[in-house]
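The values are calculated or read from the model by the stated rules, or taken from the named source; none is laboratory data. Note that the structure is predicted; figures quoted are calculated from it, not measured. Cβ sites come from the backbone with ideal geometry, for glycine too, and all protein chains shown count toward neighbours. Accessible surface is based on the protein model in full, side chains and every heavy atom, while ligands, DNA and RNA are left aside. Shrake-Rupley method; radii C 1.70, N 1.55, O 1.52, S 1.80 Å.
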Number of protein chains: 2
Amino acid sequence: MLSDAEYMRIALEEAEAAFEENEVPVGAIIVLNSQIIGRGHNHREERHDISSHAEIEALKDAARHLGRWDLSGATLYVTLEPCLMCSGAIIQSRVSRLVFGADDPDRGAVVSKVLAFEHFKGDSDPLISRGILEKESKDLLKRFFSKKREENK
Amino acid sequence: MLSDAEYMRIALEEAEAAFEENEVPVGAIIVLNSQIIGRGHNHREERHDISSHAEIEALKDAARHLGRWDLSGATLYVTLEPCLMCSGAIIQSRVSRLVFGADDPDRGAVVSKVLAFEHFKGDSDPLISRGILEKESKDLLKRFFSKKREENK
């Protein structure tokens, strides 16, 4: 069994894959019984798909793997605080634990702009941990946006 | 140009298609310049896909049609109040208007459990109308859940 930081390192590899594909670098993995059963990264631009955030890609990947969308018992690792859409998907997927890296002050729906999980207490009450590899996650995002600014000059 | 009730009738046809497929009957369409550019219904069970709600299916269909996920100017019609996940997707898709049928007191994130659009004011401020073909939307859901209860006896 790996530590949270070790699993988050693998989620960061997913984020780096998004970076290489010119997508906002956010990555996620799903772990159940110490096994990685889903992974995903942001593909929104390439796929013209609003729902193609890292978390939803990883939830879908894990659900394909298990043949069910109910992911009770699983942990979702994601490099950035989930947005409203992804928080809703996480609540509905019934994952038991959510671990994220950096906070997202503008869009985050766990601790920043909305406390989504507080509103749906009782439906799904995952344990929440934050700040795991926060600096690495933030640095990758900063690097991406400064590259974008350079390209747009 | 059709009226809201006429467009909602078409969203209800999508909900009926979900009913026939043994999925919770919710349907949605996207209209831009009086044209239907996207349609969708709930496919969650068949596809084992947490994100396969009517609204996200319709947003994806419209985005495929236009080749972009930004749906500024468009109206989304959906038979049931959007959940948190779908409200997040609607905000991010930048649709200009949201019209829904029945309220969803347990899961609704527009006027019921969370006022999602209030939290993200400024990001996306669609005009919101509700109660269009409310009774028909509710009746279809009731019919579905009573059928399910019969089957489970």
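For residue B:46 and residue A:135, the FRET efficiency from 1/(1 + (r/R0)^6), where r spans their Cβ atoms and R0 equals 41 Å, is about 0.45. Lysine pair count for chain B (Cα-Cα distance under 24 Å; residues 8 or more apart in sequence or on different chains): 11. Residues of the range A:33-73 with amide nitrogen under 19 Å from the 7 Å Cα-to-Cβ point of residue B:68? Within reach of a label on residue B:68, which here means backbone N under 19 Å from a point 7 Å along Cα→Cβ, the range A:33-73 contributes A:43-52.
Annotation for the range A:39-79: trypsin sites (Lys or Arg not before Pro) lying in DSSP loop with at most 15 further Cβ atoms inside 10 Å of their Cβ are A:68.
Counts of other chain beta carbons within 10 angstrom of each beta carbon in peptide A:35-47 average 1. Inter-copy label distances for residue B:118: 1.4 nm (label point placed 7 Å from Cα along Cα→Cβ; shortest first). Once the other residues with Cβ under 12 Å from the Cβ of residue B:142 are scored (Lys, Arg +1; Asp, Glu -1), what is the net sum? Neighbourhood net charge equals +4.
Using the Cα gyration tensor of the range A:1-67, with a ≥ b ≥ c the square roots of its eigenvalues, what is the shape: rounded (a/c below 1.5), prolate (a/b larger than b/c) or oblate (neither)?
Details: a/c = 3.24, a/b = 1.37, b/c = 2.36.
Note, shape of the range A:1-67 comes out oblate.
Farthest toward the positive end of the dipole of chain A, out of A:19, A:58, A:115, is the Cα of A:115, where the dipole comes from beta carbon charges about the Cα centre.
Per residue, the average separation of C-alpha pairs within less than 8 Å and at least 6 apart gives the range A:50-133 a relative contact order of 28 percent.
Label points for residue B:97 are taken 7 Å from Cα along Cα→Cβ. From this copy to the others they lie 4.8 nm apart, shortest first.
Just to confirm a number: summing +1 for Lys and Arg and -1 for Asp and Glu over residues other than residue B:116 whose beta-carbon lies under 11 angstrom from that of residue B:116, what do you get? All intermediate terms of the calculation are to be shown ahead of the outcome.
On the way: positive: A:113, B:113, B:121; negative: B:81, B:118, B:123.
Once positives and negatives cancel, what remains is 0.
In the frame of its principal axes, chain A has Cα extents of 48, 31, 30 Å, reported largest first. For the range B:6-95, the list of GluC sites (Glu not before Pro) that fall in a loop by DSSP and count at most 16 other C-beta atoms within 10 angstrom reads B:21. Ordered from longest to shortest, the equivalent ellipsoid semi-axes for the protein assembly as shown are 32, 23, 17 Å, each the square root of 5 times a Cα gyration tensor eigenvalue. Annotation: residue B:41 carries an accessible surface of approximately 20 Å², with a 1.4 Å probe and no ligand, DNA or RNA atoms counted.
Structural size metrics of the range B:105-153, computed from C-alpha coordinates, are Rg and Dmax of 15.4, 49 Å. The slack between residue B:2 and residue B:148, meaning 0.36 nm per residue of separation minus the straight C-alpha distance, is 49.1 nm. For residue A:150, inter-copy separations between label points set 7 Å beyond Cα along the Cβ vector come to 6.6 nm, shortest first.
Take every residue in peptide A:80-86, count the Cβ atoms of other chains within 10 Å of its Cβ, and give the average of those counts. Write out the running numbers ahead of the final one.
Details: counts 0, 0, 1, 6, 15, 14, 5.
Shielding by partners across A:80-86 averages 6.
Mean partner shielding of peptide A:114-123, defined as the number of other chain Cβ atoms within 10 Å of each residue Cβ, is 4. Averaging the sequence gap over all C-alpha pairs within less than 8 Å and six or more residues apart, then dividing by the number of residues, gives chain B a relative contact order of 20 percent.
What you get for the range B:1-118, charging only the Cβ of Lys and Arg (+1) and of Asp and Glu (-1), is a dipole of about 560 debye around the Cα centre.
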